[in-house]
1. Enumerate the pairs (first residue in region 52-68 and basic (Lys, Arg); second residue anywhere and open to solvent by 40 Å² or more (accessible area, probe 1.4 Å)) with beta-carbon separation below 8 Å, excluding pairs fewer than 6 apart on the same chain, so at least 6 apart or on different chains.
2. Filter region 141-150 for residues that are in contact with a strand residue (DSSP E or B) (Cβ under 8 Å, 6 or more places away or on another chain) and open to solvent by 10 Å² or more (accessible area, probe 1.4 Å) and give the result.
3. What is the residue count in region 108-125 for residues that are of a type in the set (S, T, N, Q) and either open to solvent by 30 Å² or more (accessible area, probe 1.4 Å) or at pLDDT below 95 (or both)?
4. Could you list, in sequence order, all residues of region 284-323 that are open to solvent by less than 60 Å² (accessible area, probe 1.4 Å), under 15 Å from residue 222 (Cα atoms) and either at pLDDT below 95 or among the hydroxyl-bearing types (Ser, Thr, Tyr) (or both)?
5. Is there a residue in region 255-270 that is among the aromatic types (Phe, Trp, Tyr), modelled with pLDDT under 90 and open to solvent by less than 40 Å² (accessible area, probe 1.4 Å)?
6. Might you check whether a residue that is closer than 13 Å to residue 155 by Cβ and surrounded by fewer than 17 Cβ atoms within 10 Å (Cβ to Cβ) occurs anywhere in region 60-67?
7. Could you run through region 350-375 and say how many residues are farther than 21 Å from residue 242 by Cβ and basic (Lys, Arg)?
8. Among the residues of region 68-92, which ones are in a loop (DSSP other than H, G, I, E, B), modelled with pLDDT of 95 or more and surrounded by 19 or more Cβ atoms within 10 Å (Cβ to Cβ)?
Amino acid sequence: IASAARRAGASARNPAMVRQCLLEASTRFGHNATGRDADPRGGASSLFAQGAGGVDPLKAVRCAEAYAPRATLVPPSLDLVRDCPYLSPLCEQPLLVGGAALAVNVTVLNGLGVLGKVTDAVWVGSEHLEVAVPRSIKRGGLTLWPWTGAFAVRVSASKAGVHEGSLYVRVEGDGGARDEGHRFGRGARRGACGVDETPPARWVEFFVAARAANPPPRKRRVLWDGSHSLNYPPAFVPRDNLNQADDLLDWSGDLPSSNFRRAWLALVDRGYHVDVWRDDLSCAPLDDYGVLFVADPEDEFSRDEIEAVRAAAATGLGLVVLADWYDEAMIRNAAFFDDNTQVAWRAAVGGANVPSLNRLLEPFGVAFGGRVWEGP
């Protein structure tokens, strides 16, 4: 792609351009197009399974040949009403009025320059939909370097119904995208000899649409603990299935968007509303939920978290815990020497962090064992 841009004499050639052209040349796969027929709800068509879809190389080359510097967002929108199952599991249930906000990560591809900023964000749309961004954006700007960056968008609702609007994000470059004379794209904003000092800027639209509903009774609300699920990278977390010796690394974690998708859908189909909590459990509104669902955790539970769960259980919170294998000898045997980093890697934990789980379960008089079993 970069070679095509160079041959065509494009003024801007940078990593952001390559990613933008790849995305613009991509077409989403259809329902279950990746062949995972075990999920009739279209989980194989989800953003988390297929990314942007299949790439048309010729279209990507044509994009590079005619490229003009621009800023784009990934994903380009968040339409939870019409864009299902592509945005599954995010789109499978409505937001709850006054409930937990839905948080998504938005990546900025900044073809305007190697160094840039997100300096403003303005919501234009329904007053019943709150779309929040980090405060740093309006307090000096969020730095984009090199060529890219990311920020969180939190969406919550104050009234039942279908609401939509657009978040307009202001992205500034460093001027390097307009400098045709320097081979490395260095900016020419010197102020002398009549050169314009104003950095290039673009307003980029991020469309948001969501359904909202009034909260169900407490017994129908489930809080899924996503804060204790670890995956590779950055830690060496082994897979739950030890027979997959060709790749011991757990890349997906244990979340509704990955290997617990069918369990999550089963709960939703039975009329439960499931929120995923990704912060410290001692900060969670546990009294609003009927069940805390802890699925195969690898991280440690703090004393404050253990006490918060114990106190909430005394007022009606149920606790469902799923755990996988843990054996010190097998953890040691999973170690391997990584040729890429030239470091011997030792597994941080087993399939689950059973010692920490047992500390969580101690107030209830329950404990998991440490032996490893195989078979039905």
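1. Matching pairs, first to second residue: 59/24.
2. Taking region 141-150 and keeping what is in contact with a strand residue (DSSP E or B) (Cβ under 8 Å, 6 or more places away or on another chain), we get 141-145, 147-150.
The answer is 141, 142, 143, 145, 147, 148, 149, 150.
3. If we filter region 108-125 for residues that are of a type in the set (S, T, N, Q), which is where we start, we get 110, 119.
If we keep only those that are either open to solvent by 30 Å² or more (accessible area, probe 1.4 Å) or at pLDDT below 95 (or both) too, we end up with 119.
Counting residues in region 108-125 that are of a type in the set (S, T, N, Q) and either open to solvent by 30 Å² or more (accessible area, probe 1.4 Å) or at pLDDT below 95 (or both) gives 1.
4. Listed by number, the residues that qualify are 289, 295.
5. The first filter runs over region 255-270 and keeps only residues among the aromatic types (Phe, Trp, Tyr), leaving 260, 264.
Still in the running and modelled with pLDDT under 90: 260, 264.
Then drop every residue that is not open to solvent by less than 40 Å² (accessible area, probe 1.4 Å), which leaves 260, 264.
Yes, region 255-270 contains a residue that is among the aromatic types (Phe, Trp, Tyr), modelled with pLDDT under 90 and open to solvent by less than 40 Å² (accessible area, probe 1.4 Å).
6. As a first pass, look at region 60-67 and keep what is closer than 13 Å to residue 155 by Cβ: none.
No, there is no match, as no residue in region 60-67 is closer than 13 Å to residue 155 by Cβ and surrounded by fewer than 17 Cβ atoms within 10 Å (Cβ to Cβ).
7. Of the residues in region 350-375, 1 are farther than 21 Å from residue 242 by Cβ and basic (Lys, Arg).
8. Correct list: 80 only.
The values are calculated or read from the model by the stated rules, or taken from the named source; none is laboratory data. None of these values were measured; they are calculated from a predicted model. No Cβ is skipped: glycine too gets one built from the backbone with ideal geometry, and neighbour counts run over all protein chains shown. Heavy atoms of the whole protein, side chains included, go into the accessibility calculation; ligands, DNA and RNA do not. Shrake-Rupley method; radii C 1.70, N 1.55, O 1.52, S 1.80 Å.
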